[in-house]
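What follows is calculated from the coordinates using simple rules that are stated; it is not laboratory data. Note that the structure is a prediction, hence the values are computed from the model and not measured. FYI the Cβ positions are ideal-geometry reconstructions off the backbone, even for glycines, and counts take in every protein chain you see.
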Amino acid sequence: MELLQKTDNIQEDMLKGFEEKINRGDAIEPKDRMPDGYRKHLIRQISQHAHSEVIGMQPEGNWITRAPSLRAKQILLAKIQDEGGHGLYLYSAAETLGVSRDEMINQLHAGKAKYSNIFNYPALTWADIGAIGWLVDGAAIVNQVSLQRTSYGPYSRAMVRICKEESFHQRQGYEIMAKMMSGTPDQREMAQDAMNRWWWPSLMMFGPHDSESPHTGDAFRWKIKRHSNDELRQKFIDKTVQQAEVIGLTIPDKDLKWNQAAGHYDHGPINWDEFYRVIGGNGPCNKQRMAHHTAVHSEGAWVRAAAEAYRLKKEKQILHQ
Ligand code: ACO
């Protein structure tokens, strides 16, 4: 009984210390004590984020050999490599919470971990590469700028670097769209078609409406989220509508209109059935994305084995010094 009381007191002190830090706005660091729920919430979110970066390389990788110029190919290659790097920072940030990269990848392959809805759509034309950079990375930036102030130190620091790179990605996408919109009627049509297909899935990237978002309560309490799904979605819409207008693209939403009183654009209803279908594994490319990731992961087993053998060799050398 006494032991139980002591354990309760230790738990309470830990929670108090944690909450005081959160309330002061201090970062929580890997060695700090933290409630189990906070740790689990972060592992879920950061691993989902890491998987998204890595799976997101697939639709774009498909276009490296078909980029229309050497310049476009170099830029696309650099961007895709950045995405791989983002995945690595994020896996490392999650590892500081006590989960290994192997475990996270196993969860992805077993269908237990999610990745962003958006990467389950195909990149059909070169304009899709523009739309991905401009809209998908544009949406990611809005979300990630907010996450620079998230409460977990390693996650927030990863976001600072990621945001700098994402802003280059967003511009490369917008440049592709602007170039196509100043081209031939066929090119303009191709750009508009890409806009039509990527607009709504990009809005879904911010997650369900706040009233339907089960994790938002804890995320706000623990300052993991600094802005809600709907707030960030609105911010993205407001800035993107103006960018579309400048290059002559039409937003595929007949209900989109400026709301003077609210100071932002109102938009039409989002197809949440489609969202849940896609994140539930039944989007246009889910099976293809997972099959590719699983195959490439198993083809890379020899690299991991070689790295492990090298680590053991170095460890032995240090022991014998
Ligand atoms: N794609 C796939 N699943 C999603 C998405 C999405 N766009 N949005 C929400 N979900 C899932 C959540 O993971 C959660 O499922 P789970 O309980 O099985 O984990 C469920 O829908 C309910 O959503 P929320 O309660 O709103 O969940 P959460 O608070 O985690 O918010 C959000 C969703 C906005 C995606 C948040 O997790 C976040 O900010 N994540 C980091 C950003 C990120 O992952 N970006 C990836 C794309 S950017 C890029 O790679 C270029």
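Among the listed residues S92, S69, identify the single one that is closer than 15 Å to W126 by Cβ, more than 11 Å from the ligand (Cβ to nearest atom) and among the polar types (S, T, N, Q). Don't jump to the end; show me each part of the working.
On the way: S92 fails: closer than 15 Å to W126 by Cβ.
Unique residue meeting the criteria: S69.
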Give me the pairs, please: first residue somewhere in segment 233-247 and over 15 Å from P208 (Cα atoms), second residue anywhere and assigned to a helix (DSSP H, G or I) and of a type in the set (F, W, Y), beta-carbon distance under 6 Å, and either six or more positions apart or on two chains. none
Exception for G84 within (1) more than 12 Å from the ligand (Cβ to nearest atom); (2) loosely packed, with under 14 Cβ neighbours inside 10 Å; (3) closer than 30 Å to S213 by Cα falls at (1)
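Taking helices (runs of 4 or more DSSP H) that fall entirely within segment 184-249, which contain at least 3 residues that are within 20 Å of Y115 (Cα to Cα) and either among the aromatic types (F, W, Y) or within 16 Å of the ligand (Cβ to nearest atom) (or both)?
In segment 184-249, 185-204, 229-247 are the helices (runs of 4 or more DSSP H) which contain 3 or more residues that are within 20 Å of Y115 (Cα to Cα) and either among the aromatic types (F, W, Y) or within 16 Å of the ligand (Cβ to nearest atom) (or both).
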Leading residue by the ranking (surrounded by the fewest Cβ atoms within 10 Å (Cβ to Cβ)) among those in segment 217-253 that are among the charged types (D, E, K, R) and under 17 Å from A194 (Cα atoms): E245
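The rows are residues; the columns are (1) within 12 Å of the ligand (Cβ to nearest atom); (2) surrounded by fewer than 18 Cβ atoms within 10 Å (Cβ to Cβ).
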{"residue": "Q74", "(1), (2)": "no, yes"}
{"residue": "L88", "(1), (2)": "no, yes"}
{"residue": "G111", "(1), (2)": "yes, yes"}
{"residue": "G130", "(1), (2)": "no, no"}
{"residue": "G138", "(1), (2)": "yes, no"}
{"residue": "R149", "(1), (2)": "no, yes"}
